[in-house]
1. How many of the residues in the range 9-57 are part of a loop (DSSP other than H, G, I, E, B), open to solvent by less than 50 Å² (accessible area, probe 1.4 Å) and within 20 Å of PRO132 (Cα to Cα)?
2. Any residue at all in the range 33-42 that is more than 24 Å from SER86 (Cα to Cα) and not hydroxyl-bearing (Ser, Thr, Tyr)?
3. Mind listing whichever residues of the range 148-168 are part of a helix (DSSP H, G or I) and closer than 12 Å to LYS11 by Cα?
4. Would you confirm, using the coordinates I've provided, whether LYS65 is assigned to a helix (DSSP H, G or I), at pLDDT 95 or above, out of contact with any Pro (no Cβ under 9 Å at 6 or more places or on another chain) and open to solvent by 30 Å² or more (accessible area, probe 1.4 Å)?
5. Cβ-Cβ under 9 Å, sequence separation 6+ or interchain: first residue in the range 5-19 and within 15 Å of ASN142 (Cα to Cα), partner assigned to a loop (DSSP other than H, G, I, E, B) and of a type in the set (Lys, Arg). Which pairs?
6. Quick check on the range 94-113. Is at least one of its residues open to solvent by 30 Å² or more (accessible area, probe 1.4 Å), part of a helix (DSSP H, G or I) and either in contact with a helix residue (DSSP H, G or I) (Cβ under 7 Å, 6 or more places away or on another chain) or at pLDDT below 95 (or both)?
7. Checking ARG196 against (1) without any contact (Cβ under 8 Å) to a residue 40 or more places away in the chain; (2) among the charged types (D, E, K, R); (3) surrounded by 14 or more Cβ atoms within 10 Å (Cβ to Cβ), which test does it fail?
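The values are calculated or read from the model by the stated rules, or taken from the named source; none is laboratory data. Since the structure is predicted, the reported quantities are computational estimates derived from the model, not experimental observations. In this analysis, Cβ positions are derived from the backbone assuming ideal geometry, glycine residues included, and neighbour counts consider all displayed protein chains. Just the protein is used for accessible areas: all its heavy atoms, side chains included, with ligands, DNA and RNA removed. Shrake-Rupley method; radii C 1.70, N 1.55, O 1.52, S 1.80 Å.
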Amino acid sequence: MQISVLFSGGKDSSLSAILLEPFFEVELVTCGFSLLPIGEVASETAERLGFPHRIIKPDTSILEKAYDMIMQDGFPKNAINFIHKSVIECLAVDDNVCFIADGIRRDDRVPVLGQPEIRSIEDRFGVHYVCPLKGFGRAAVNELVKEHLVIDEGLSEDVLKADYETELRELISQRHGSGMIMEIFPSHVQSHVIERRKAGQNRTT
């Protein structure tokens, strides 16, 4: 069976793909709205992980609506959750997609889907939605990452990544300048996967 894993090039989506590997034919899927070449960033990481990768380009109206939401709210949570749900629905209409997964952890707040939203997507599109890390907290995920991945971590504005926030930040920057980004997005650490750790590789490398 094939499973499509929403992929940002970060540690959570990468680890999810690795956990699913024994049971599925894994493909990594990155969403891009063509503001930035984030698909290329994700493709390079996917190649290093050893999984096939493709890019989907949902209608830009999704990004525009998310932009309206974030400017009205003054914070990113609802906008990013909206993009996440919309991207899953875009992927779910693909006749070749039956299983969809993402890297949401137990303690994640953004992005996340509520149970009614999950049931609605599965019922409307006839797909199965899977969260391999849903039972894992941040500390447990970090321990698994040490064993399986080599990563680069830093503040979101400094780390190369291919998540929803990247293009949303770019759109805000184009229209309002970089100062507005600092007002809306809290400073937080994100990750970019460099490579998959080989068996027996020193964890300090």
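1. Step one: list which residues in the range 9-57 are part of a loop (DSSP other than H, G, I, E, B), which gives 9-10, 21-24, 32-37, 50-52, 57.
Now drop any that are not open to solvent by less than 50 Å² (accessible area, probe 1.4 Å), which leaves 9-10, 24, 32-33, 51.
With the extra rule that they be within 20 Å of PRO132 (Cα to Cα), the set shrinks to 9-10, 24, 51.
Number of matching residues: 4.
2. Initial filter on the range 33-42 (more than 24 Å from SER86 (Cα to Cα)): none.
The answer is no, given that none of the residues of the range 33-42 is more than 24 Å from SER86 (Cα to Cα) and not hydroxyl-bearing (Ser, Thr, Tyr).
3. At the first step, the residues of the range 148-168 found to be part of a helix (DSSP H, G or I) are 148, 164-168.
Answer for the range 148-168, where residues must be part of a helix (DSSP H, G or I) and closer than 12 Å to LYS11 by Cα: just HIS148.
4. Working: assigned to a helix (DSSP H, G or I): yes; at pLDDT 95 or above: yes; out of contact with any Pro (no Cβ under 9 Å at 6 or more places or on another chain): yes; open to solvent by 30 Å² or more (accessible area, probe 1.4 Å): yes.
When the stated conditions are applied, LYS65 passes them.
5. GLY10/LYS161; ASP12/ARG105
6. Looking through the range 94-113, none of the residues is open to solvent by 30 Å² or more (accessible area, probe 1.4 Å), part of a helix (DSSP H, G or I) and either in contact with a helix residue (DSSP H, G or I) (Cβ under 7 Å, 6 or more places away or on another chain) or at pLDDT below 95 (or both).
7. (1)
Residue-wise test of (1) surrounded by 14 or more Cβ atoms within 10 Å (Cβ to Cβ); (2) modelled with pLDDT of 95 or more; (3) within 28 Å of GLY74 (Cα to Cα); (4) in contact with a His (Cβ under 9 Å, 6 or more places away or on another chain).
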position	(1), (2), (3), (4)
LEU133	yes, yes, no, no
ARG138	no, no, yes, no
LEU149	yes, yes, no, no
ASP152	yes, no, no, yes
LYS161	yes, no, yes, yes
THR166	yes, no, yes, no
ARG169	yes, no, yes, no
ILE172	yes, yes, yes, no
